[in-house]
Amino acid sequence: MIPPRGESLHRPMQEFYKKALVALILVLVADALVAWFCIRQSHPSASLIPRERGGVHWRPDVITDAILGGTSTIRILEPGRAALRFDFRVTPAASYPYVAAEMLLEDGQAKAGPADLSTYTTVTFVARCAPANSLLFSLSTFAPGISTPGLFHTYPSPLTYFSCSEQGTPVSLDLTRLTIPPWWFQTAKVDPARQSYDLGQVGRFVFGVTQKSPRDTDSRVEISEFTLHGHDERYAVALAVISVIGWGAFAAWFLHGHARALVASLQSQLNNDRQFVAYRQLTLEPFRDKEKAAILHYIGTYYMNPDLDMGTVTARIGADRDKINEILKSELGMTFTAYVNQLRLPAAARLLTDQAGMPIADIAFAVGYANVSYFNKLFKEEYGCTPGAFRRHGTRMGLPER
């Protein structure tokens, strides 16, 4: 009996695919972790209300129209982490009645000073007003050469407006598209065309009344869930670069490893073919059983004939099908069809490398296959690759001699 032809012939490829699967899983996990980190970092956020530990520090304060002779009042209620609450009453005593609650930004040592908020582009919060109101939101930004530290009326203070109700109104404001009021340009003697301001030098946030705010009415405002949001393109770029490098490295490793495993698998298969060819030579030697010798000799001589089948052998030798199958099973351990394929496929493998310019269809016909698709299917099952791939890799290996 010839050595068994089993799954061990393709073991190099099986081992490689196992390693490739593990490597793929590791790459996917690493890519997911990097993506999670980069996406999280590319959308930074900072909660001022409620206050985050280690985040932006601030303390509440108030502004009134007293400096203008007004009598409007405002009072911060129970300053704490959950919300900024204040009561106020606007009276018409001043020409421009006004009150506001401030969030004065500080450093970690409770010292007032501009905070760098350039990473953020949007602020969101929930505003509750009793009664319903229309309020002003502004921020004060320090302008070198124009502003005096601590004197906020010298700071550019871009603003916008929002409405709030007793039920609570979610508010989202674009910090990059606020408008600096005309009066500031007149006071600071700055060209009104200069509408830019620096979010890297923010001194305070302000919630103030407007001309639409009720007069001589006790009012209450609660600001909660005050959060800054941003977008950092650097992390998106870093994610793209890391992904390209990571998957590129995996692809290079996979292609290199696949080629090596394929060559090893083909070499194993060809070594087995050498043993099979050597054994087949023995089958062509005279047997005491002339019928057995005739059957094996005929198949071994005419296997390249596309018309070779069981009927041809029975007609030529005179043995019935059962006898032929019995001989092939006892001597070779395989069926008629399997034996013919094991003769034809190594011959095709040799032609693929020896005859580099010979079309694959011609090779299939030369070794006994009239159907090229069927030949391709059998060849891939035997060698683990297509005839074209075998031709590319087979030149590195010696083939069994006939």
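The values are calculated or read from the model by the stated rules, or taken from the named source; none is laboratory data. This is a predicted model, so every value here is computed, not measured. Positions of Cβ are backbone-derived with ideal geometry, glycine not excepted, and every protein chain shown enters the neighbour counts.
A few remarks follow.
- When we screen Ala127, Ala93 for residues that are part of a loop (DSSP other than H, G, I, E, B) and touching a residue at least 12 places away in the same chain (Cβ under 8 Å), the only hit is Ala93.
- Any hit, the stretch 103-118, residues being closer than 30 Å to Val244 by Cβ and in contact (Cβ under 8 Å) with a residue 40 or more places away in the chain: yes
- Top-ranked residue of the stretch 137-196 - restricted to ones that are in a loop (DSSP other than H, G, I, E, B) and acidic (Asp, Glu), ranked as nearest to Lys212 (Cα to Cα): Glu166
- Against the list (1) in a helix (DSSP H, G or I); (2) more than 44 Å from the chain's Cα centre (by Cα); (3) of a type outside the set (Ser, Thr, Tyr), the condition Val29 fails is (2).
- Any hit, the stretch 74-85, residues being touching a helix residue (DSSP H, G or I) at 6+ places or on another chain (Cβ under 7 Å), more than 19 Å from Pro214 (Cα to Cα) and surrounded by fewer than 19 Cβ atoms within 10 Å (Cβ to Cβ): no
- You will find that of Thr353, Thr312, the residue that is assigned by TED's automatic domain parsing to the domain that holds Gly388, under 21 Å from Thr386 (Cα atoms) and either modelled with pLDDT under 85 or out of contact with any Pro (no Cβ under 8 Å at 6 or more places or on another chain) (or both) is Thr353 and no other.
- Residues within the stretch 161-170 that are surrounded by 15 or more Cβ atoms within 10 Å (Cβ to Cβ) and within 29 Å of Ala143 (Cα to Cα), tallied: 1
- Restricting attention to the stretch 182-199 and to residues that are surrounded by fewer than 17 Cβ atoms within 10 Å (Cβ to Cβ) and under 45 Å from the mean Cα position of the chain (by Cα), the residue that is modelled with the highest pLDDT turns out to be Asp198.
- Boolean, Ile146 is surrounded by fewer than 16 Cβ atoms within 10 Å (Cβ to Cβ) and either touching a Ser or Thr at 6+ places or on another chain (Cβ under 9 Å) or among the basic types (Lys, Arg) (or both): yes
- Qualifying residues in the stretch 27-65 (those that are hydroxyl-bearing (Ser, Thr, Tyr) and closer than 23 Å to Asp174 by Cα) - the one modelled with the lowest pLDDT: Ser42
- Residues in the stretch 357-382 that are closer than 26 Å to Met13 by Cα, among the small types (Gly, Ala, Ser) and surrounded by fewer than 21 Cβ atoms within 10 Å (Cβ to Cβ): 1 in all.
- Assessment of the stretch 277-299 against the conditions (out of contact with any strand residue (DSSP E or B) (no Cβ under 6 Å at 6 or more places or on another chain), surrounded by 15 or more Cβ atoms within 10 Å (Cβ to Cβ), over 22 Å from Val367 (Cβ atoms) and at pLDDT below 75) yields at least one matching residue.
- The stretch 200-220 - residue that is outside any strand (DSSP E or B) and crowded, with 20+ Cβ neighbours inside 10 Å and, of those, farthest from the chain's Cα centre (by Cα): Ser213
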